[in-house]
Amino acid sequence: MNAITPVEIIAINPAYTSLRCSKCGHTEQKNRKNQAIFCCLACGYMDNADVNAAKNIIAAGLAVQGRGGTSHANKHSDPVKRQPAEAA
């Protein structure tokens, strides 16, 4: 029988994660060359744009867990507001 591992869900605002370098933190619109290519203008780091964004989201989640709070990015993002309205 497999043990059930509890999972914690943390809401992370994905804004600018595809423009922020996961290596040096430099954020600029020109870092995103196109839909698939990320190349940091500050440090030269290159990756798939979605992979780079995922690394930033993972890092933000780890930072939130490490300090035992919620991400400052969540102050302007309320996931409840995105839920579909119940049918009458």
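Brief remarks on what is shown
- Residues that are of a type in the set (Gly, Ala, Ser) and either within 20 Å of residue 64 (Cβ to Cβ) or open to solvent by 100 Å² or more (accessible area, probe 1.4 Å) (or both), drawn from region 1-51: 11, 15, 18, 22, 25
- Annotation note: of 59, 49, 15, 87, the sole residue that is modelled with pLDDT of 95 or more and of a type outside the set (Phe, Trp, Tyr) is 49.
- The residue that is nearest to residue 61 (Cα to Cα), counting only those in region 4-24 that are assigned to a loop (DSSP other than H, G, I, E, B) and among the charged types (D, E, K, R), is 8.
The values are calculated or read from the model by the stated rules, or taken from the named source; none is laboratory data. Just so it is clear, the model here is predicted, and its values are computed rather than measured. Please note: Cβ atoms are built from the backbone with ideal geometry, for glycine as well, and neighbour counts cover all protein chains shown. Surface areas here come from the heavy atoms of the whole protein model, side chains and all, with no ligands, DNA or RNA. Shrake-Rupley method; radii C 1.70, N 1.55, O 1.52, S 1.80 Å.
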